[in-house]
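Below you'll find the structure, written out as structure tokens, and then a few comments.
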Amino acid sequence: MNIVVLPYLLVIICSLTSTFLAYLIVKERNLVVAILLLLGQGIFHSLLYYLLMAPDLFITYIPVSVGITPLLLFLLIKKTEWREYD
Amino acid sequence: MIKRDVLVAFSLSLLVLSISLIIWLEGYIRIATPIISSLGESYLYYSYNPWYSNYTSFSLNVVSAIIWDYRGFDTFLETTVLMASIIAIYTLLRGFEEKVFLQPKGLSTITKTATKIVIPLIIAYALAIATHGQLTPGGGFQGGATLAVISSLIIAVYSLEFLYYMGYRSKRLVVIRGLCLIGLIIVAITPLLIGFILNTKSYIFQNMSKEDSFISMPSFLFDAPLAGSIFFYNVFELLIVFTGLTTALMLLSLRDVELKKAFEVREVYE
Amino acid sequence: MSEVFIQLAFRTSIIAFIVNIAIAMYGVYTRPSLIKKFICLIMFTDAINLFALFIGFRVVNNTYPKPPVLIREPVSPGELEEFKYIAVDPLPQALVLTAIVISLAVFMFVIGLILVYYEHYGTTSIKAMRSGGVEEVFE
Amino acid sequence: MEYLIGLLPFFLVAVSVIILLIPILNKSWKSQRLVELLSLTTSGIAVIMSLLVLINVVENRVVSYRFAGFKPPLGIVYTVDLLSSLLGFLSMTALFLTVLYSKWFIISEWKYLYYSLLFLLSAGSISCFYTGDIFNLFVSIELLSISAYGLVAFYRSKPTAIVASLRYAMTGIVATSIYFFAVVLIYSAFGTLNMADIALKLRNPNAITPFSQSVLGDIVLTSKIAFSLMVWVFLFKTGILPIGFTWQPHVYSEAPLPISAGFTAIADSIGIYLFMRFFTTILGWGVIEELVVFRITLFSFIQVLAIISAFISVLLMIVEKDIKKLITYSTISQFSLALLGITLDNVFGVVSAILLLISNILGDAVLFYLAGLSIIGCGRSINCIAVLKNSKSMVFSLVVAILNLFGVLPVTIGFWGKALLVLAGINKSITLPIIVLVVSGISAIGYFKLLHVMYTYKAVTRSDQELRNTVIPKTIILLLSTTLIVLGLLFTLYEPFRIFIINVGEDLLGNYREYIVKSIGVEGLI
């Protein structure tokens, strides 16, 4: 196996994981867990940005998806409610 | 309810099927080929190219060159969108009071000490990627977002009170933000003004000299490529994004006591 | 062999992202909680951004493509020519960077809106909106 | 003078920032007055600037401005033709009127925030009209949308206003993201983002433009997907049936009244304008054969939607009791008819769409401003319009506005819009004119209900505190209603004006060649 194949393998794994996480997020009723899953998805997305050779986006996306967006969402949940009711 | 869910799911799966068929079977959309668009190749070729001085922007980072030079107007409008968002949040929560004398809480001492150690590192990193945006990956927005992580760390670890102690007020931040946006506009309009004075043709957002206009921003500082106005834009953008995101974080983490007055105020309605 | 594998990998990933878009859309249209809808919107824009980035990727013979950043100042036009054929497309990256900032700005405002909504109705479920929200109030 | 085109959005943004900063830095009562004065003068200057652009465009037909001086596919270019400069001028006029009316209508400590958002809204609007780049259009739409969400939620202690803003924002984010998706698809096949470049390659796929060279992928299939997605987005912006109905009635009835009046010109006409731009200049006459059938199919699909939308909105208009919602449904029906005009795909159809836009912008403004008077005097119910019956000039204006929107007498501009629509429809089939007439007939019930109510009901006027000095609004209303008549008479009697309006439509449909050449700056490609 050629060594260049490895990044492509990672690309496919990251995308499939991201989709699986998306499914979990939509299913999840506990919003805190949903946000944590979103954070995990963000990490996979950042990895994808790196693998697709976009260093600018990589260093943009890390603070946005791991730092700011989850904090905003946690602040929102803290002030409102953390469960999803029907 | 359930009937509607099934309907939505069904139509969306149809959408997925059709687009997937197009991509998978026919290969209509160009994916992972050796060819990229000629426009992209032009950017790669001209971005730092002393041999074609009419098309270059003297930036080693091609993405920075596109963002602030080739498509600078987009980024200006994008910065304005951020401004509009801050004004809109401010409008939504108008009438709040920032109360400084509440007791600060926060997490344990260990976490606080760790944060204290991390913060200077983040500041150094953010400044580096913002000011070297024309040389290495990074730029104003990247640096600003990284700096804003500090504010979010402080809010999460020390509580909002600590930001007040450090002298942050949302109004001050909004003022800094507005002034920086005006600074950006001034830098963008400067070539036009110089063109007026020298009575030659010149363009808004012009960076290097063009075929029909010789006005040019400084492209080198001693030995390091400055990429003309890209450097200034990056510095302004750093401040704009940092203050903007911090304002939003502060406004959205206001305590109930502070927001109480905002929701009591009733204006004369139609 | 390797080319077939690369094609397989990329087509699978792109379809994964289209499925991702569809799942997010499903969440936006069917979940009752505003916060959940909002999380799904974030996923939606993220998936579209990544789709855009896949479009700008290229495959280079024998090696992995380079990011669109020149390592050092080019000394000859020949080096630039080489760079032109080995780096990925920078334009989608610039577009996505702009799109990320814009969506962040809009999301911050929507969070503020949801806060005020909660202040009014005491819940983040859209049922409150359906029952009580849309009635006209005559003074 | 070309730099004025590029300077206008910068000017509006700078004004907006200054308006925001003055009261924050200086908290005295003087700063409030200063803000009002500043916004009035600067919006006046903006009107003059857009008028100068219009004059320049009338002379040269198409004017383009390159940002940063880069040639088009490489950099962003503003390309202004007759239609965009005309609508840009109308949008700036609406901004001026909105500022003037808000000076009277809005009483708030935080008025500067309102003005600031209003200027950002119009900056987005003017950028949408002038731009010649599809990604720049995305950014402009976002600027327009986010300031609009903020303005709709301005009365934040009303729960309905928050709900309206949430609806608008949620659908808006989905719509603009889908637009971005379409932009990416177009880039993947055409390898360019410039509108003129795309238009060129849809007509001549073998053309080789500087920098972007030739097409990359299968343009036929990609255009089919991308343009279908774009139709969806524009329908959202216009407020026509599938997803427009989820937000437009709520937004119009809950936004501050001057904003609702300005929205027609500043935000909603963007939808119709983009339809015209994308389906006449870009995917218009002369496209490659593979796409001709697709275009016709798409048009017939939109036609059906427009007809359904027109019927539903006029039916809702009859039963509506809230005056702001009544005007909203009237707007939707007018926009649907304008869309119907575009789908007829001939010069008269497009001209009728333009005329309907103009008449709707002005007529809507008159109705909303009258509603503002009645709301201040009494309340939101349509019975409250009766407070206006004491003033003869207001009754006159109401009659003019109603006649204009209904479109029966050939003295107003609205008549010519509908007349040309009928004329254009007869060429296609006999049913279309009948549909237009039936829609107008049903809408007449809704409009004349207003007059009926005015003379039969007796409205109770509110306490004196609410009634303010009504010189400003009354002057604006009279001015606008006379403008309606003057425009109508001009169109009937003064030939150059008629020729000018018809030229706008002809240029749009047939003169794509000049648009492409002037925008890209290279001749001999088409």
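The values are calculated or read from the model by the stated rules, or taken from the named source; none is laboratory data. These figures come from a predicted structure and were not determined experimentally. We place every Cβ from the backbone using ideal geometry, glycine too, and count neighbours over all the protein chains shown. The area values use the complete protein model at the heavy-atom level, side chains included, leaving out ligands, DNA and RNA. Shrake-Rupley method; radii C 1.70, N 1.55, O 1.52, S 1.80 Å.
Every residue, every condition in (1) farther than 15 Å from B:Thr246 by Cα; (2) open to solvent by 10 Å² or more (accessible area, probe 1.4 Å), yes or no:
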site: B:Phe76; (1), (2): yes, no
site: B:Val100; (1), (2): yes, yes
site: B:Thr136; (1), (2): yes, yes
site: B:Met166; (1), (2): no, yes
Subject >> segment D:120-156: number of residues that are of a type in the set (Phe, Trp, Tyr), surrounded by 24 or more Cβ atoms within 10 Å (Cβ to Cβ) and at the interface with chain B (Cβ under 10 Å from one of its Cβ atoms) >> reply: 4
Original post:
Can you tell me which of B:Leu12, B:Leu7, B:Leu21, B:Leu39 is exposed (fewer than 14 other Cβ atoms within 10 Å of the Cβ) and modelled with pLDDT of 75 or more?
Top reply: B:Leu7
**OP:** Being open to solvent by less than 20 Å² (accessible area, probe 1.4 Å), touching a residue at least 40 places away in the same chain (Cβ under 8 Å) and closer than 28 Å to D:Val438 by Cα narrows it down to one of D:Leu405, D:Leu388, D:Leu373, so name that one.
**Re:** D:Leu405
Original post:
Inside segment D:39-59, can you point out the residues that are out of contact with any helix residue (DSSP H, G or I) (no Cβ under 8 Å at 6 or more places or on another chain) and among the polar types (S, T, N, Q)?
Top reply: D:Thr41
Original post:
In the set D:Ile225, D:Ile186, D:Ile198, which member is open to solvent by 10 Å² or more (accessible area, probe 1.4 Å), closer than 24 Å to C:Phe51 by Cβ and touching a helix residue (DSSP H, G or I) at 6+ places or on another chain (Cβ under 7 Å)?
Top reply: D:Ile225
**OP:** Specify which of the listed residues (B:Ser170, B:Ser85) is closer than 30 Å to C:Pro92 by Cβ, within 14 Å of chain D (Cβ to nearest Cβ) and open to solvent by less than 40 Å² (accessible area, probe 1.4 Å).
**Re:** B:Ser85
**OP:** Take segment D:181-210 and flag every residue that is among the basic types (Lys, Arg) and in contact (Cβ under 8 Å) with a residue 24 or more places away in the chain.
**Re:** D:Arg203
**OP:** Pick out the one residue from C:Phe38, C:Phe51, C:Phe17 that is more than 10 Å from chain A (Cβ to nearest Cβ) and within 16 Å of the chain's Cα centre (by Cα).
**Re:** C:Phe51
Original post:
Restricted to segment B:165-182, and to residues that are free of Cβ contacts under 8 Å to residues at least 24 places away in the same chain and of a type outside the set (Val, Ile, Thr), which residue is farthest from D:Asn26 (Cα to Cα)?
Top reply: B:Met166
**OP:** State yes or no: is B:Val157 more than 9 Å from every other protein chain (Cβ to nearest Cβ) and either within 13 Å of B:Asn61 (Cβ to Cβ) or not acidic (Asp, Glu) (or both)?
**Re:** yes
Subject >> Boolean, A:Leu75 is facing another protein chain (nearest Cβ under 7 Å) and assigned to a helix (DSSP H, G or I) >> reply: yes
Original post:
Do you know which of the residues in segment A:15-30 that are touching a residue at least 24 places away in the same chain (Cβ under 8 Å) and buried (at least 23 other Cβ atoms within 10 Å of the Cβ) is nearest to the other protein chains (Cβ to nearest Cβ)?
Top reply: A:Ser15
**OP:** Give me a count of the residues in segment D:93-110 that are under 20 Å from D:Ala46 (Cα atoms) and either aliphatic (A, V, I, L, M) or open to solvent by 10 Å² or more (accessible area, probe 1.4 Å) (or both).
**Re:** 8
**OP:** Give D:Phe234, D:Phe275 a once-over and let me know the one that is closer than 30 Å to D:Ile327 by Cα, out of contact with any Gly (no Cβ under 8 Å at 6 or more places or on another chain) and hydrophobic (A, V, I, L, M, F, W, C).
**Re:** D:Phe275
Subject >> Subset of segment D:183-221 [in a helix (DSSP H, G or I), within 10 Å of another protein chain (Cβ to nearest Cβ) and within 28 Å of the chain's Cα centre (by Cα)] >> reply: D:Val183, D:Val184, D:Leu185, D:Tyr187, D:Asp197
**OP:** Of all residues in segment D:483-496, count the ones that are of a type outside the set (A, V, I, L, M, F, W, C), open to solvent by 60 Å² or more (accessible area, probe 1.4 Å) and assigned to a helix (DSSP H, G or I).
**Re:** 2
Subject >> Members of segment D:64-109 found to be basic (Lys, Arg) and in contact with a helix residue (DSSP H, G or I) (Cβ under 7 Å, 6 or more places away or on another chain), listed by number >> reply: D:Lys103
Subject >> Residues (closer than 17 Å to D:Ile435 by Cβ and touching a helix residue (DSSP H, G or I) at 6+ places or on another chain (Cβ under 7 Å)) located in segment D:409-419 >> reply: D:Gly417, D:Lys418
**OP:** Test C:Ile6 against the stated conditions and say whether it is within 28 Å of C:Thr123 (Cα to Cα), among the β-branched types (Val, Ile, Thr) and within 7 Å of chain A (Cβ to nearest Cβ).
**Re:** no
**OP:** Please verify whether segment B:201-222 includes one or more residues that are under 26 Å from the mean Cα position of the chain (by Cα) and within 17 Å of B:Glu78 (Cβ to Cβ).
**Re:** yes
Original post:
Where residues in segment D:449-475 are modelled with pLDDT of 85 or more and touching a Phe, Trp or Tyr at 6+ places or on another chain (Cβ under 8 Å), which of them is surrounded by the fewest Cβ atoms within 10 Å (Cβ to Cβ)?
Top reply: D:Ile472
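Yes/no per residue for (1) under 16 Å from the mean Cα position of the chain (by Cα); (2) surrounded by fewer than 24 Cβ atoms within 10 Å (Cβ to Cβ); (3) in a helix (DSSP H, G or I):
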{"position": "D:Trp232", "(1), (2), (3)": "no, yes, yes"}
{"position": "D:Leu235", "(1), (2), (3)": "yes, yes, yes"}
{"position": "D:Pro258", "(1), (2), (3)": "yes, no, yes"}
{"position": "D:Ala261", "(1), (2), (3)": "yes, no, yes"}
{"position": "D:Asp268", "(1), (2), (3)": "yes, no, yes"}
Original post:
Before we move on, is C:Val75 closer than 21 Å to B:Phe141 by Cβ and either within 7 Å of another protein chain (Cβ to nearest Cβ) or modelled with pLDDT under 90 (or both)?
Top reply: no
**OP:** Take the residues in segment C:82-114 that are of a type in the set (A, V, I, L, M) and in a loop (DSSP other than H, G, I, E, B), then tell me which one is farthest from the other protein chains (Cβ to nearest Cβ).
**Re:** C:Ile86
